[in-house]
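Please see the structure below; I have some questions.
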Amino acid sequence: MNIGQAATASGVSAKMIRYYESIGLLPAAARTDSGYRVYGERELHVLRFIRRARKLGFSLERIAELLSLWRDDSRASADVKRIALAHVTELEERIRELTEMRDTLATLAACCHGDDRPDCPILQTLGSNV
């Protein structure tokens, strides 16, 4: 199948397929005599793996590690678990940061009168030197 068909079947855009190929996450596709990329079920399987890993928020570097482990029949599941748990820790930190941002913004919005007056604690805070 061509890149458009592979994109549709995998849920990964053609642009991202080319990018994943360029960084080595996806092996270079076979080419027709006229130079068009050709993908098979093996490549679709890898693309779906990448798509699911991205949906879970894994970085491309971590996805490369996971793909390497996925392809290695002698892998230790402890290695996969270590990567997953490290990602959980990263996600928890991001959640804490986002929660703090939300709470700060909600407090500032609650202090803002939201009327025709020009004074606004949101803009004052954003423009402060602190």
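Would you mention how many residues in segment 38-48 are assigned to a helix (DSSP H, G or I), surrounded by fewer than 14 Cβ atoms within 10 Å (Cβ to Cβ) and not basic (Lys, Arg)? Break it down stepwise before answering.
We begin by selecting, within segment 38-48, every residue assigned to a helix (DSSP H, G or I); these are 41-48.
Now narrow it down to the ones that are surrounded by fewer than 14 Cβ atoms within 10 Å (Cβ to Cβ): 41-42, 45.
Then drop every residue that is not not basic (Lys, Arg), which leaves 41, 45.
Within segment 38-48, residues that are assigned to a helix (DSSP H, G or I), surrounded by fewer than 14 Cβ atoms within 10 Å (Cβ to Cβ) and not basic (Lys, Arg) number 2.
Let me ask another. Which residue out of 53, 64, 9, 30 is open to solvent by less than 50 Å² (accessible area, probe 1.4 Å) and out of contact with any helix residue (DSSP H, G or I) (no Cβ under 6 Å at 6 or more places or on another chain)? Talk me through it step by step, then tell me what you get.
Details: 53 fails: out of contact with any helix residue (DSSP H, G or I) (no Cβ under 6 Å at 6 or more places or on another chain); 9 fails: out of contact with any helix residue (DSSP H, G or I) (no Cβ under 6 Å at 6 or more places or on another chain); 30 fails: open to solvent by less than 50 Å² (accessible area, probe 1.4 Å).
Answer to the check: 64.
Here's something else I'd like to know. State which residue pairs qualify: first residue of a type in the set (Ser, Thr, Tyr) and inside segment 85-104, second residue surrounded by 11 or more Cβ atoms within 10 Å (Cβ to Cβ) in any location, beta carbons under 9 Å apart, and separation of 6 or more residues or different chains.
Partner pairs satisfying both residue conditions: 104/125.
Further, regarding this structure: Looking at 99, 104, 125, 89, can you tell me which residue is farther than 21 Å from residue 45 by Cα and surrounded by 12 or more Cβ atoms within 10 Å (Cβ to Cβ)?
It is 125.
If you don't mind, there's one more thing I want to ask. Please work out which one of (1) touching a helix residue (DSSP H, G or I) at 6+ places or on another chain (Cβ under 8 Å); (2) more than 18 Å from residue 64 (Cα to Cα); (3) exposed (fewer than 14 other Cβ atoms within 10 Å of the Cβ); (4) among the small types (Gly, Ala, Ser) is the condition residue 35 fails and give its number.
Of (1) touching a helix residue (DSSP H, G or I) at 6+ places or on another chain (Cβ under 8 Å); (2) more than 18 Å from residue 64 (Cα to Cα); (3) exposed (fewer than 14 other Cβ atoms within 10 Å of the Cβ); (4) among the small types (Gly, Ala, Ser), only one is false for residue 35: (1).
Given the conditions (1) open to solvent by 40 Å² or more (accessible area, probe 1.4 Å); (2) more than 30 Å from residue 18 (Cβ to Cβ), report the number of the one that residue 79 does not fulfil.
Status for residue 79: all satisfied but (2).
Is it fair to say residue 67 is in contact (Cβ under 8 Å) with a residue 40 or more places away in the chain and under 26 Å from residue 20 (Cβ atoms)?
Yes; evaluated as a whole, the condition is true for this residue.
Given the conditions (1) more than 30 Å from residue 23 (Cα to Cα); (2) not in a helix (DSSP H, G or I), report the number of the one that residue 106 does not fulfil.
(2)
The values are calculated or read from the model by the stated rules, or taken from the named source; none is laboratory data. Values in this document were obtained by computation on a predicted structure and should not be read as measured data. We place every Cβ from the backbone using ideal geometry, glycine too, and count neighbours over all the protein chains shown. Please note that ligands, DNA and RNA were not included when accessible areas were found on the heavy atoms of the full protein model with its side chains. Shrake-Rupley method; radii C 1.70, N 1.55, O 1.52, S 1.80 Å.
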